[in-house]
1. Given R₀ = 45 Å, FRET efficiency for Asp209-Leu125 by Cβ-Cβ distance, to 0.05?
2. If you stretched the chain out fully between Thr12 and Gln199, how much longer would it get, using 0.36 nm times the residue separation minus the C-alpha to C-alpha distance?
3. Between their Cα atoms, which of Lys41/Lys151; Lys106/Lys228; Lys123/Lys151; Lys123/Lys206; Lys58/Lys123; Lys106/Lys151 are more than 30 Å away from each other?
4. Within 10 Å, count the other beta carbons around each residue, average over each peptide in 210-218, 63-71, 162-170, and list them highest first.
5. Using 1/(1 + (r/R0)^6) with R0 = 22 angstrom and r between the beta carbons of Lys41 and Ala136, what's the FRET efficiency to the nearest 0.05?
6. Among Met130, Met174, Met31, which one shows the highest mean-square fluctuation when the chain is modelled as a Gaussian network with alpha-carbon springs under 10 Å?
7. Quote the FRET efficiency, to the nearest 0.05, computed for Cys114 versus Ala4 with a Förster distance R0 of 30 Å and r equal to the Cβ-Cβ distance.
8. Rank Ala191, Ala201, Ala127 by mean-square fluctuation in a GNM of the chain with C-alpha springs under 10 angstrom and give only the top-ranked residue.
Amino acid sequence: MSNAAFFERAYTTKGPKVIYGFSRPLYHNLMGILHGRQFDKMGFGGMIRHTEAGMLYKWASQVPANGTIVEIGCYGGLSTSYLVRGSEAQSAKIISIDPFNSDLEKQTALTDDCVSLDNKPTKELVAERMAALGAADRVELIEGYSQEVVKDWDRPIDFLWIDGNHDQAYQDFMEWTPFLNPGGRVGIHDAHPRYGYPQVADDVQKALDDDAQWTDLEHVKSIICAIKRPA
Ligand SMILES: C[S@@+](CC[C@H](N)C(=O)[O-])C[C@H]1O[C@@H](n2cnc3c(N)ncnc32)[C@H](O)[C@@H]1O
């Protein structure tokens, strides 16, 4: 199936989803039950569904040994925790970027209004949560903005998880995916018109349009993910 055909089917509003090759609700739900209920979503103030959490865990478990996972948009560390747990056996390094509760005036100017800036989790709180998982040495929290961090970035990435400012999902995709290793995965949250934001859905459709570059597209609730083809 071409990527364009994938989007046509994944974004249809008609009827319940059945078991297509590209959208596997039984498998996704099973992963949600097995792996997606390990952390207290409310306690974390988290924004991912259980099925999405289960698949984040699963995808993180598929990075190579000592691989690198980059997360854009950490908030309280819920998705980060699934990335950490999933990639335990791989001893992967997780770099998570978020302004946390720094410079709220700047965040107010830049916000997409999708996340409340009241009582934002601090970097220290998320660091404590990562330490409680025994992952202090595997997680690097960067207090900042993806579009600034990328300017000095020079490391290959095995799994890129985009869940930051929804107005700049396309920019994040374009600036960060050049660092993705061939065979690496990109996942974008809120990228489905029914479960996420129509703007992000449009951006992701545009970003993954090229069949020569992106393959194995998958749709898990509001996540669209894809594998970068070898050059
Ligand atoms: C939807 S929340 C992330 C939720 C988190 N992934 C989870 O599952 O719990 C989006 C986060 O991205 C942060 N953010 C906004 N713009 C950003 C940027 N340019 N770079 C990195 N993070 C950004 C927001 O402050 C917010 O904490």
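The numbers here are math on the coordinates, done by the rules we state, and not lab data. Everything numeric in this text was worked out from a predicted model, so none of it was measured. With ideal geometry, Cβ positions are generated from the backbone for all residues, glycine too; neighbour counts draw on all protein chains shown.
1. Values: r = 39 Å, r/R0 = 0.86.
Working from the Cβ atoms, E equals 0.70.
2. Working: separation 187, 0.36 × 187 = 67.32 nm, distance 1.57 nm.
Extending this stretch completely gives an extra 65.7 nm.
3. Values: Lys41/Lys151 32 Å; Lys106/Lys228 34 Å; Lys123/Lys151 21 Å; Lys123/Lys206 33 Å; Lys58/Lys123 25 Å; Lys106/Lys151 19 Å.
Over 30 Å Cα-Cα: Lys41/Lys151; Lys106/Lys228; Lys123/Lys206.
4. Working: 210-218: 15.2, 63-71: 20.0, 162-170: 22.9.
The most tightly packed comes first, giving 162-170, 63-71, 210-218.
5. Numbers: r = 23 Å, r/R0 = 1.02.
The formula returns an efficiency of 0.45 here.
6. Met174
7. Working: r = 27 Å, r/R0 = 0.91.
Efficiency for this residue pair is about 0.65.
8. So, out of Ala191, Ala201, Ala127, the one fluctuating most is Ala127.
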